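Please treat every number below as a calculation from the coordinates, not as lab data. Predicted model only: the values in this text are computed from it and were never measured. With ideal geometry, Cβ positions are generated from the backbone for all residues, glycine too; neighbour counts draw on all protein chains shown.
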Amino acid sequence: MTQKTVSQALFERAQAVIPGGVNSPVRSCRSVGASPFFVKRAAGCRLEDEDGRIYLDYVGSWGPLILGHAHPRVVQAVRRAATQGTSYGVPCRLEVELAEKVVSMVPSMDMVRMVNSGTEATMSAIRLARGYTGRSKIIKFDGCYHGHSDCLLVKGGSGLATLGIPGSPGVPPEVVAHTLSLPYNDLASVEAAMKAHGEKVACIIVEPVAGNMGTVIPKPEFLPGLRRLCDTYGSLLIFDEVITGFRLAPGGAQERFGVRPDLTCLGKIIGGGLPVGAYGGRRDIMEKVAPLGDVYQAGTLSGNPLAMTAGLAMLEELGAPGIYESLRTKGERLEAGLREAARIADVPVTINRIESMGTAFFTDKEVLDFASALQADTATYAIFYREMLTRGVYIAPSQFESFFVSTAHEKEDLDRTAEAALESLRVVKMTQRRR
Ligand code: HOZ
């Protein structure tokens with residue numbers, strides 16, 4: 001009888017006291033027919049599990065760790081802040097400094113409010129859009145995921161796509177009655193919906209590059225088209241830049257694509273690996289937020305000094321010359337390695353990548369929206385995931401998530417990943433032949 005690994009033993013214990021043994025569903029690894037490994041420590045682009053196995057990490061805590069794990073500057077800042085107290089519940093200097101930094105980096109933001117997660121940011125931005133416009137309807141896109149607040153749990157990506165859950169019990173139909181979900185990248189359908197309901201639409205919320213149905217890149221006319229339609233009908237455009245913010249460029253997707261939303265939601269990188277979210281935008285809209293205005297939103301841990309200092313250290317570090325060029329080059333190298341591996345192993349793969357994020361979909365078709373993402377062969381992805389893990393490379397345990405390259409990934413790491421991909425894809429090919 002083989003002995004249980006420490007991770008297996010921990011997972012057993014976890015399942016007795018935590019639903020599914022995990023605090024967020026995708027990491028249960030169910031959809032890839034695996035069980036999770038438990039992390040002991042992490043540094044740079046590597047994770048070490050409780051059994052002493054080391055993995056090259058392309059999940060990066062699902063996006064925040066653009067500088068890799070335990071970046072010395074971030075660690076030092078958090079350490080220093082912790083000795084001064086871990087939560088105040090009254091304003092502190094670090095909140096002002098991070099807010100100033102964020103407003104200076106994100107092109108469309110005049111003001112920003114800190115919250116504790118991306119979910120809180122999108123939930124609050126939607127409330128604000130409704131409060132500001134006095135309208136109820138919202139438009140979102142199939143396969144985009146904006147966290148787990150009730151009105152946004154319609155045809156969502158990420159865990160909903162991974163587990164095949166279209167919506168969620170517990171969300172009353174009345175709560176989502178005002179949510180319209182449309183195909184991503186399909187401007188004609190947005191035009192038609194706005195023609196029918198535009199005067200009642202408070203906002204259009206979109207991931208400017210989708211990261212939660214796997215990476216899906218907007219067609220050139222998509223984001224400018226959304227901007228135009230919002231202007232025509234007096235609706236607000238909300239960019240959910242929880243993933244793309246500070247990743248695609250210092251000013252996120254809005255800088256990369258030159259389209260200005262009215263409100264922006266941030267998360268992940270803004271917290272430097274600690275739990276932070278934020279929403280912000282035009283001054284006249286943000287002035288509707290309490291205590292200036294009557295749209296209520298609050299939080300005991302909002303503006304937490306440890307989180308603020310981690311975010312600030314990370315954003316300052318991202319200002320170093322050449323960071324984004326280097327991230328792009330690394331992204332290109334990883335993509336090229338994966339493409340070559342797929343070509344040699346003769347496995348059809350469609351790779352969507354932009355800058356340092358992307359997804360390899362197991363399909364020979366273009367992936368432009370949720371419907372085409374769902375055409376990908378998830379059974380093959382599951383084999384690929386397990387084979388990569390065996391070779392010490394950790395990719396997202398779901399076809400409907402993105403990979404992230406960090407500044408800590410070196411050329412050698414990327415090349416080793418390509419080698420692991422080739423070996424893994426050869427196994428995939430053999431399995432496909434046997435099917
Ligand atoms: N939904 C996030 C990924 N897009 C987080 C998943 C997790 O933390 O398990």
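Per-structure values
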| quantity | calculated |
| --- | --- |
| Long-range HN-HN contacts of Glu207 with modeled amide H, under 5 Å | Asp240 |
| Region 192-321: Lys pairs at Cα distance under 26 angstrom, eight or more positions apart or on different chains | 4 |
| Cβ crowding within 10 Å averaged over residues, with 61-67, 211-217 ranked highest first | 211-217, 61-67 |
| Within-9-Å neighbourhood charge of Pro183 [Cβ basis; K, R +1; D, E -1] | -3 |
| In Hz, Karplus ³J(HN,Hα) per residue of region 131-139 (6.51, -1.76, 1.60; θ = phi - 60°; x = Gly, Pro) | x, 5, 8, x, 10, 10, 6, 10, 10 |
| Student exercise, region 120-257 dipole from Lys, Arg, Asp, Glu Cβ charges, in Debye to nearest 20 | 180 |
| Neighbour-count order for Ser7, Ser136, fewest beta carbons within 10 angstrom listed first | Ser136, Ser7 |
| Region 68-220: projected area of the alpha-carbon convex hull, averaged over directions, in nm² | 12.3 |
| Total formal charge among the other residues, if their Cβ is under 14 angstrom from that of Arg13, Lys/Arg +1 and Asp/Glu -1 | -1 |
| Region 244-367, dipole about Cα centre (Lys/Arg Cβ +1, Asp/Glu Cβ -1), debye to the nearest 20 | 40 |
| Angle in degrees between helix 378-390 and the longest Cα principal axis of the chain, rounded to the nearest 10 | 60 |
| Cβ-based exposure ranking for His148, His409, in which fewest neighbours within 10 Å come first | His148, His409 |
| With Cα atoms, 0 to 90° folded angle of helix 323-345 axis to the chain main axis | 40 |
| Computed magnitude of the charge dipole of the chain (debye, nearest 20; Cβ of K, R +1, Cβ of D, E -1) | 520 |
| Order of Arg282, Arg353 under a 10 Å beta carbon neighbour criterion, fewest first | Arg282, Arg353 |
| Within straight-line cross-link reach of Lys101, aspartates and glutamates at Cα separation under 17 Å, skipping those fewer than 8 residues along the same chain | Asp110, Glu241, Glu255, Glu316, Glu317 |
